[in-house]
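Here the structure comes first, spelled out in C-alpha coordinates, and everything after it is commentary.
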Amino acid sequence: MSEIDVWLEGFMNGQGSVALVLVVSMLLGLRHATDPDHLAAVTTLLASEGSQHRRRFEEASLMGLSWGLGHGTTLVLLGLPLVLFNRYLPESVQQAAEVAIGVIIVFLAVR
(Lines give C-alpha, C1' and ligand atoms only; values in the text may rest on other atoms or scores of the structure.)
Protein backbone atom coordinates (compact mmCIF):
# COMPACT_ATOMS: atom_id res chain seq x y z
CA MET A 1 0.00 0.00 0.00
CA SER A 2 1.18 3.50 -0.70
CA GLU A 3 1.77 5.97 2.09
CA ILE A 4 -1.32 7.99 1.19
CA ASP A 5 -3.49 4.86 1.39
CA VAL A 6 -2.15 4.04 4.84
CA TRP A 7 -2.66 7.64 5.94
CA LEU A 8 -6.26 7.68 4.68
CA GLU A 9 -6.96 4.29 6.22
CA GLY A 10 -5.95 5.70 9.60
CA PHE A 11 -8.83 8.17 9.35
CA MET A 12 -11.33 5.39 8.78
CA ASN A 13 -11.03 4.14 12.36
CA GLY A 14 -12.86 6.33 14.81
CA GLN A 15 -15.45 9.07 15.11
CA GLY A 16 -14.30 11.16 12.16
CA SER A 17 -14.61 8.40 9.57
CA VAL A 18 -18.12 9.28 8.39
CA ALA A 19 -17.26 12.97 8.23
CA LEU A 20 -14.13 12.22 6.22
CA VAL A 21 -16.06 10.04 3.76
CA LEU A 22 -18.65 12.80 3.32
CA VAL A 23 -16.01 15.50 2.76
CA VAL A 24 -14.03 13.39 0.29
CA SER A 25 -17.26 12.43 -1.50
CA MET A 26 -18.29 16.07 -1.79
CA LEU A 27 -14.88 17.09 -3.14
CA LEU A 28 -14.84 14.25 -5.66
CA GLY A 29 -18.41 15.10 -6.68
CA LEU A 30 -17.50 18.74 -7.28
CA ARG A 31 -14.52 17.66 -9.36
CA HIS A 32 -16.72 15.26 -11.31
CA ALA A 33 -19.31 17.99 -11.91
CA THR A 34 -16.73 20.08 -13.75
CA ASP A 35 -15.94 17.35 -16.29
CA PRO A 36 -16.32 18.68 -19.84
CA ASP A 37 -19.28 16.42 -20.68
CA HIS A 38 -21.26 17.71 -17.70
CA LEU A 39 -20.45 21.33 -18.41
CA ALA A 40 -21.34 20.94 -22.09
CA ALA A 41 -24.68 19.30 -21.30
CA VAL A 42 -25.82 21.78 -18.66
CA THR A 43 -24.56 24.79 -20.64
CA THR A 44 -26.40 23.60 -23.74
CA LEU A 45 -29.61 23.11 -21.79
CA LEU A 46 -29.34 26.57 -20.24
CA ALA A 47 -28.46 28.27 -23.52
CA SER A 48 -31.48 26.75 -25.23
CA GLU A 49 -33.88 28.24 -22.70
CA GLY A 50 -35.40 31.43 -24.07
CA SER A 51 -35.87 33.24 -20.79
CA GLN A 52 -35.30 36.78 -19.65
CA HIS A 53 -31.96 37.63 -18.09
CA ARG A 54 -33.33 38.19 -14.57
CA ARG A 55 -34.82 34.69 -14.44
CA ARG A 56 -31.70 33.05 -15.86
CA PHE A 57 -30.05 32.64 -12.44
CA GLU A 58 -33.14 31.01 -10.93
CA GLU A 59 -33.52 28.65 -13.88
CA ALA A 60 -29.82 27.80 -13.86
CA SER A 61 -29.97 27.09 -10.13
CA LEU A 62 -33.03 24.88 -10.47
CA MET A 63 -31.57 23.04 -13.47
CA GLY A 64 -28.25 22.53 -11.68
CA LEU A 65 -30.04 21.22 -8.59
CA SER A 66 -32.20 18.88 -10.69
CA TRP A 67 -29.18 17.69 -12.66
CA GLY A 68 -27.21 17.05 -9.48
CA LEU A 69 -30.04 15.21 -7.73
CA GLY A 70 -30.74 13.03 -10.76
CA HIS A 71 -27.09 12.31 -11.36
CA GLY A 72 -26.39 11.59 -7.70
CA THR A 73 -29.45 9.36 -7.34
CA THR A 74 -28.42 7.32 -10.37
CA LEU A 75 -24.88 6.94 -9.06
CA VAL A 76 -26.11 5.81 -5.65
CA LEU A 77 -28.71 3.39 -7.06
CA LEU A 78 -26.22 1.81 -9.46
CA GLY A 79 -22.98 2.31 -7.54
CA LEU A 80 -23.95 1.39 -4.00
CA PRO A 81 -24.90 -2.23 -4.79
CA LEU A 82 -21.68 -2.61 -6.78
CA VAL A 83 -19.62 -1.35 -3.85
CA LEU A 84 -21.53 -3.35 -1.23
CA PHE A 85 -21.22 -6.59 -3.20
CA ASN A 86 -17.64 -5.84 -4.30
CA ARG A 87 -18.54 -6.10 -7.99
CA TYR A 88 -17.70 -4.26 -11.19
CA LEU A 89 -19.80 -3.44 -14.21
CA PRO A 90 -18.96 -5.69 -17.12
CA GLU A 91 -16.75 -4.07 -19.75
CA SER A 92 -19.55 -4.26 -22.33
CA VAL A 93 -21.90 -2.33 -20.03
CA GLN A 94 -19.22 0.30 -19.40
CA GLN A 95 -18.65 0.75 -23.13
CA ALA A 96 -22.38 0.93 -23.84
CA ALA A 97 -22.76 3.62 -21.17
CA GLU A 98 -19.90 5.63 -22.71
CA VAL A 99 -21.52 5.43 -26.15
CA ALA A 100 -24.91 6.43 -24.71
CA ILE A 101 -23.36 9.50 -23.04
CA GLY A 102 -21.71 10.44 -26.33
CA VAL A 103 -25.03 10.16 -28.16
CA ILE A 104 -26.76 12.30 -25.53
CA ILE A 105 -24.09 15.01 -25.82
CA VAL A 106 -24.39 15.03 -29.62
CA PHE A 107 -28.19 15.21 -29.29
CA LEU A 108 -27.87 18.19 -26.94
CA ALA A 109 -25.45 19.91 -29.31
CA VAL A 110 -27.79 19.47 -32.29
CA ARG A 111 -30.78 20.60 -30.26
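The values are calculated or read from the model by the stated rules, or taken from the named source; none is laboratory data. This is a predicted model, so every value here is computed, not measured. Only protein heavy atoms, including side chains, enter the accessible area calculation; ligands, DNA and RNA are left aside. Shrake-Rupley method; radii C 1.70, N 1.55, O 1.52, S 1.80 Å.
Please list the helices of the chain that count as membrane-span-like by this rule: a mean Kyte-Doolittle hydropathy of at least 0.5 together with Cα atoms stretching 27 Å or more along the helix axis, each helix being a complete DSSP H run. If you can, show how the numbers build up before the last one.
Numbers: long enough: 53-84 (45 Å, 0.46); 91-110 (29 Å, 1.66).
TM-like helix candidates: 91-110.
Give the span of the chain's Cα atoms along each principal axis, as three whole-Å numbers ordered largest to smallest.
That gives 52, 37, 24 Å along the principal axes, largest extent first.
Keeping the other protein chains in place, figure out the carbon and sulfur percent of the accessible area of the chain, with a 1.4 Å probe.
Its accessible area is 70 percent carbon and sulfur atoms.
Compare 71, 38 by solvent-accessible area with a 1.4 Å probe and give them largest first, with all protein chains kept in place.
71, 38
Identify which of 92, 48, 61 has the largest mean-square fluctuation in a Gaussian network model of the chain, with springs joining Cα atoms closer than 10 Å.
The residue with the greatest mean-square fluctuation here is 92.
Order 111, 56, 87 by their accessible area, 1.4 angstrom probe, all chains in place, largest first.
87, 111, 56
For the chain, what is the accessible area per residue in Å², given a 1.4 Å probe and the full set of protein chains?
83 Å²
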